[in-house]
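Notes follow once the structure below has been shown.
The values are calculated or read from the model by the stated rules, or taken from the named source; none is laboratory data. Note that the coordinates shown come from a computational prediction; the quantities given were computed from them, not determined experimentally. Note that we place each Cβ from the backbone using ideal geometry, even for glycine, and neighbour counts take in every protein chain shown. SASA here: full protein model, heavy atoms, side chains in, ligands and nucleic acids out. Shrake-Rupley method; radii C 1.70, N 1.55, O 1.52, S 1.80 Å.
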Amino acid sequence: MATDRSPTPVARVLRLCLHLLVAGLLALAVARSFAGHAPHPAAVTVAAAVTAAVYAAGPLLGPVRRSRTGAALWLAALAAAWLVLLALTEDGVWLAFPLYFLQLHLLGRRSGLIAVGLTTAAAVTGFAWHRHEVSAAAAIGPTLGAAVATATVLGYQALYRESEERRRLIDELSAARADLVAAHHTAGVLAERERLAREIHDTLAQSLSSIQLLLRAAGRALPERTEAAAGYVEQARQAAQDNLAEARRFVRALTPPGLDGSSLPAALERLCAVTAEHSGVPVRFHLSGVPAPLPVPHETALLRIAQSALANTVRHAGASHAEVTLSYMDSEVALDVLDDGSGFDPADLPAPGTGDAGFGLPAMRARARALGGTFTLETAPGRGTALAVLLPEPAEDTP
């Protein structure tokens with residue numbers, strides 16, 4: 001079959017060998033005709049030249065390389081020139097061998113085998129006509145050549161298809177590996193950002209807040225006459241307050257991208273909209289209670305749990321819609337994710353590490369428990385899925 005694909009080095013070598021074979025056989029037929037093996041050497045030379053010209057034109061014609069119809073027309077013209085040469089000299093029978101390769105390669109398996117059969121019949125008939133007899137020897141040569149050419153071409157095509165399949169699989173594996181490396185890198189960066197944010201919040205920010213409280217208390221305890229000392233204390237308290245604000249800005253800069261520059265409700269609402277747009281599954285967001293600022297680890301955990309839950313809904317549940325509810329209560333914050341999908345039996349979940357579903361739910365549960373919260377899952381086959389996360393709201397820092 002014709003193709004525009006760049007040939008491989010092996011294909012280029014085979015093509016060159018075929019060109020040389022055709023040229024050599026045509027030259028041999030002309031040389032033998034002048035040696036007395038054909039009654040009309042001049043006619044044989046002209047027929048060989050026409051055959052060579054038609055053959056040489058094939059690789060230069062775009063339709064021959066791009067379409068099977070163009071290739072068939074070119075092969076028909078080449079076969080006609082070859083038949084004239086075969087009628088003039090019995091040495092033309094040897095041109096049938098390279099014709100077999102061309103027909104099998106350009107016409108496809110079924111049409112190619114039919115063309116090879118017709119070419120073989122023409123070769124046997126022409127050779128027998130020149131010898132004025134029909135013998136087994138006259139039929140064995142072209143038939144054996146057709147069998148060898150057919151086995152060679154079909155074998156090469158099978159190897160080529162297998163090679164292409166392996167190349168495709170290697171490309172897919174390489175792309176998957178690159179995606180996995182990028183995902184691991186991104187996960188590592190986000191994990192490190194969250195860890196730094198927690199460390200800064202729990203150590204530096206808390207220490208600066210304590211220093212500020214102590215300096216404020218010291219300023220109130222100083223006698224009124226120690227104005228200079230009170231001024232120094234006030235300067236120290238102001239410096240602590242400024243550094244506390246800077247630490248908090250730094251913590252906010254380390255929050256996940258979904259929370260960068262926005263509140264948790266806004267991030268969840270945006271997550272629902274993006275999920276619905278990309279998956280086609282309607283996802284509604286509900287907010288209950290008065291939003292209150294939460295520590296970065298709490299907001300990060302709730303956003304990550306919502307992302308993982310919606311990802312499971314889109315990939316596995318086959319749901320027609322889903323809902324995400326964020327509820328602010330007096331001392332707790334709750335996240336509920338519900339869908340009307342196929343549900344599942346929690347007892348049938350694979351162990352972590354044995355499948356896609358083996359990591360998500362344990363990771364959600366671990367996030368909730370790490371912050372002193374609870375994780376509840378309610379699901380059954382055919383009844384959808386509902387998960388609830390309840391986190392305690394820590395007391396706010398007093399500046």
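Grab the Cα-Cα distance for A147 and A191, subtract it from 0.36 nm times how many residues apart they are, and report the gain in nm with one decimal.
9.3 nm
Hey, any idea what the orientation-averaged projected area of the convex hull of region 1-157's Cα atoms comes to, in nm²?
Orientation-averaged projected area of the Cα hull: 8.7 nm².
Between A175 and S320, with labels modelled 7 Å along Cα→Cβ, what's the label distance in nm to one decimal, could you check?
3.4 nm
Would you mind getting me the FRET efficiency between H37 and R110? Use the beta-carbon distance for r and R0 = 41 Å, nearest 0.05.
Once the sixth-power term is evaluated, E becomes 0.65.
Ranked from the most accessible area to the least, with a 1.4 Å probe and all protein chains present, what is the order of C272, C17?
So, going from the largest accessible area down, we get C17, C272.
Please report the accessible area of D171 (heavy atoms, 1.4 Å probe, ligands and nucleic acids excluded) in Å², nearest 10.
That residue has around 80 Å² of solvent-accessible surface.
Taking the simple approach of a point 7 Å from Cα along Cα-to-Cβ for both E378 and H132, what is their distance in nm?
10.4 nm
How large is the accessible surface of S33 in square angstrom, using a 1.4 angstrom probe and rounding to the nearest 10?
Approximately 0 Å² for this residue.
Which value, in Å² rounded to 10, gives the accessible area of T376 with a 1.4 Å probe and all protein chains present?
The accessible area comes out at roughly 70 Å².
When the solvent-accessible surface of protein heavy atoms is calculated with a 1.4 angstrom probe, in what order do W129, W74 fall, highest first?
I get W129, W74, largest accessible area first.
Could you compute the FRET efficiency for T125 and R168, with r as their C-beta to C-beta distance and R0 at 35 Å, rounded to 0.05?
Between T125 and R168 the formula returns 0.20.
Could you give me the ³J(HN,Hα) list for region 146-153, computed from phi with Karplus coefficients 6.51, -1.76, 1.60 and θ = phi - 60°, whole Hz, x at Gly and Pro?
5, 5, 5, 5, 5, 4, 5, 5
Under 5 Å between amide H atoms, partner at least 5 residues away or on a different chain: which partners does V283 have, H built in plane at 1.01 Å?
So V283 has HN proximity to A276, A322.
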